[in-house]
1. Which of the residues that make up region 65-94 are among the hydrophobic types (A, V, I, L, M, F, W, C), at pLDDT below 90 and not in a loop (DSSP other than H, G, I, E, B)?
2. Whether any residue in region 95-106 is assigned to a helix (DSSP H, G or I) and β-branched (Val, Ile, Thr) is what I want to check.
3. What number of residues within region 29-39 are within 21 Å of Pro51 (Cβ to Cβ) and in a loop (DSSP other than H, G, I, E, B)?
4. If the requirement is being at pLDDT below 85, in a helix (DSSP H, G or I) and either of a type in the set (Phe, Trp, Tyr) or over 19 Å from Leu106 (Cβ atoms) (or both), which of these qualifies: Ala19, Ala7, Ala26?
5. State whether the residues of region 113-133 include one that is at pLDDT 90 or above, outside any helix (DSSP H, G or I) and touching a Lys or Arg at 6+ places or on another chain (Cβ under 6 Å).
6. Taking interchain pairs and intrachain pairs at least six residues apart, which have beta carbon atoms under 9 angstrom, with the first residue in region 90-111 and closer than 21 Å to Arg77 by Cα and the second aromatic (Phe, Trp, Tyr)?
7. Could you pull out the residue among Val57, Val74 that is closer than 18 Å to Pro12 by Cβ, among the hydrophobic types (A, V, I, L, M, F, W, C), without any contact (Cβ under 8 Å) to a residue 60 or more places away in the chain and surrounded by 12 or more Cβ atoms within 10 Å (Cβ to Cβ)?
8. Could you please let me know if Ser62 is surrounded by fewer than 21 Cβ atoms within 10 Å (Cβ to Cβ), at pLDDT below 90 and not acidic (Asp, Glu)?
Amino acid sequence: MLDFPIAELITPEEQVAVARAVAIMASRDNQVSDSERHFVEELMGQMMLLPEERDLVRREFSHPSDLSNVARSVQHREARIFLFYQAVCAALADNKIVDGEMDALLFLAEAFNFRREHATAFIAWVRDTLDLRERGQQLLIEM
């Protein structure tokens, strides 16, 4: 998990945009899993979104907005990195990234002017990090 002081680096409007974009990413394969919904709910809790903001985010599951329009409202570099990280985590919430999700991640990277090779390396790093954390938790249970 990336350690971001969210409130200090990301404006309230960007926080809502981040959560909306992550929900849009989760709906990319037309099947929002329980784990993806749970991930978005945890993210909204972490950012302490207001009830009406949470409702706006939840609507993205059934009626997703255009990802590029939502992504454009995220201006700060730190907010873009945070959004990209959260989007990768959301895509991996069901332990796989399907083609539509990968396309959306690469689209998001391009919209943020991240180089493709950096974006794909970052995606692999997040996947590896999550796998290692899960393996570590399993080892702790077995010890």
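1. Of everything in region 65-94, those that are among the hydrophobic types (A, V, I, L, M, F, W, C), at pLDDT below 90 and not in a loop (DSSP other than H, G, I, E, B) turn out to be Leu67, Ala71, Ala79, Phe82, Leu83, Ala87, Cys89, Ala90, Ala91.
2. Within region 95-106, not a single residue is assigned to a helix (DSSP H, G or I) and β-branched (Val, Ile, Thr).
3. 1
4. When all the criteria are applied, what remains is Ala7.
5. no
6. Short answer, once both residue conditions are applied: Ala90/Phe39; Leu105/Phe84; Leu108/Phe84; Leu108/Phe114; Ala109/Phe84; Ala109/Phe122.
7. It is Val57.
8. no
The values are calculated or read from the model by the stated rules, or taken from the named source; none is laboratory data. Please read these numbers as outputs of a predicted model, since none were measured by experiment. Here Cβ is always computed from backbone atoms with ideal geometry, including for glycine, and neighbour counts include all displayed protein chains.
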